[in-house]
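Data first, discussion second: the structure below is written as C-alpha cells.
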Amino acid sequence: MNRNRVYIRNVDNLADTIAEIFSILRYGDLDGKKVFVKPNMLKAAQPEEAAVTHPCLISETVLYLERKGAVVMVGDNPVPNHQFSEMKIAEACGFLGAAHGRFRNIGKYSKRIRVQGLLDQVYVSREILDCDILISLPKFKTHDLTTMSLTVKNHFGIIPGGQKPFIHSRFPRINDFSKVLVEIYNIRPPDIVIVDLLNVADARGKTRSPGKVVAGIDGHAVDYVCALLAGVHPQTVPTIKYAVDGGMLRPDTIDIDGPFEPLSGFSMPVWFPFRNSIVEHVGRLLYRLWLYRKPVVDETRCTHCLACEHVCPCEAIHDSRIDYRTCIKCYCCLEVCPTQAITARLKF
Ligand code: SF4
Ligand code: SF4
C-alpha cells in the first residue's frame, strides 16, 4: 500500500464510511488491541461551532472499534482553567457521551521523552505512549499562528496541561514553533488519521458543512491534501513546509483517492506586511503572562495524601510545597488531587 495515499470521502452514512476507511487502511484485526482515539478538544465548544472534532465522528469510530473487539480509550489534553477541568471540557464538547464511557483524563500521568532537535525533552501522556494503535481525529480548521490546524497540530495535545503554553513561550517564532510541532508529532505518529470536515469554520468564523472526511496513514500527506482542499499552497502552512524541507514528505508521491473538490471561498488568516512578527510578539507576551499561572496548594483542603508528590514528573513537590524553579506547569498535580486542593493561579 502506498503510505502517501490519501482518501477523501463524502459522507452519506458515517458508520459505513468509518468501516470502509478501516478496511482500506488494512486495520481489520483489532481484537484485544489497545486503541487510543485522539480528537481535537481545544476548548469547551459546541459541535456547530466547528472548533473541535464533531462528536459524531468520535462516536462512530468508538462503536466500530468496539465491534472489532478493541480496548478503546478516548482522550485529549486541553489546558485546564479555573472554570473548566479536563472532564468538564469533554462534557461541554459532547465527548463524554460520544466516547460511550471510554473517555479518560490523560493529563494525570506523563513520561519524559528525550527529543533530538529544538525541544531537547518533553513530557508525554503515558496512555499515548502505551497504546498499540493511535488514531488521530483532527478538526479541519484555520489557526492564526500556524495558518492551519490539522494532524500535526492535533498532536500537540499528546502533551499534558500547561506545558503547551510553556513551549509556546520558549518558541514564539512561527518557524521554530512549527519545527517543534513536527518534533512532537514524530515522538509517536498516529497509525490512522481521519480529518473531520463534516462541518468547518473559516478564519472569518463562517461555518459550512462539506460533509467530508479525509483519511490516511501518513499525517503529513493527509495535511498536504487538506491544505489543497482549503485552497492554499500547502507549503504556506509552516508544519507542512518543514515536513517537505526535512524530507519527511515527498509531495510527488501523494496519491488522492476520492472526489477532490476544494472548498470555494474558504477564508484563511489575513496576510499583511509584518503579520508574522506581530503575531509572534503578541503571542510571546500572552504566553509570558501564562508563565505566572502556577499550581497553588490550599493548605486548608490538603490532606497530605502525597498523590501530587508521586505524580509530579519533575519531583517539584515535597510535603505539598511546590518548587516553582523546577515546576514545568504540566498541571498533573491538579488532576490527581482528590480534594481539589491545588488550583492554577496567577502568582508573581
Ligand atoms: S494531592 Fe492534594 S491533598 Fe494530596 S498532598 Fe497533594 S495537595 Fe494535598
Ligand atoms: S508541581 Fe509538578 S505536577 Fe504540578 S504542575 Fe508543576 S511539574 Fe506538574
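The values are calculated or read from the model by the stated rules, or taken from the named source; none is laboratory data. These numbers were taken from a predicted model, which means no experiment stands behind them. Here Cβ is always computed from backbone atoms with ideal geometry, including for glycine, and neighbour counts include all displayed protein chains.
Here are some notes:
- Boolean, Val296 is of a type in the set (Val, Ile, Thr) and at pLDDT below 85: no
- Residue list for the range 304-314, restricted to those being over 16 Å from Gln163 (Cα atoms) and either modelled with pLDDT under 85 or near ligand 1 (Cβ under 6 Å from one of its atoms) (or both): His304, Cys305, Leu306, Ala307, Cys308
- Of the residues making up the range 86-96, at least one is surrounded by 22 or more Cβ atoms within 10 Å (Cβ to Cβ) and in contact (Cβ under 8 Å) with a residue 60 or more places away in the chain.
- For beta carbons closer than 8 Å, sequence separation of 6+ or different chains, a first residue in the range 114-138 that is at pLDDT 95 or above and surrounded by 22 or more Cβ atoms within 10 Å (Cβ to Cβ) and a second that is of a type in the set (Gly, Ala, Ser) and part of a helix (DSSP H, G or I), the qualifying pairs are Ser136/Gly219.
- Matching option when the condition is more than 8 Å from ligand 2 (Cβ to nearest atom) and either at pLDDT below 85 or assigned by TED's automatic domain parsing to the domain that holds Tyr123 (or both), among Leu334, Leu346: Leu346
- Count of the range 315-348 residues which are in contact (Cβ under 8 Å) with a residue 60 or more places away in the chain and either more than 10 Å from ligand 1 (Cβ to nearest atom) or of a type outside the set (A, V, I, L, M, F, W, C) (or both): 9
- Of all positions in the range 160-171, at least one carries a residue that is in contact with a Leu (Cβ under 9 Å, 6 or more places away or on another chain), over 21 Å from Cys332 (Cα atoms) and assigned by TED's automatic domain parsing to the domain that holds Gln46.
- Hits in the range 175-192 (condition: crowded, with 19+ Cβ neighbours inside 10 Å and touching a Pro at 6+ places or on another chain (Cβ under 7 Å)): Ser178
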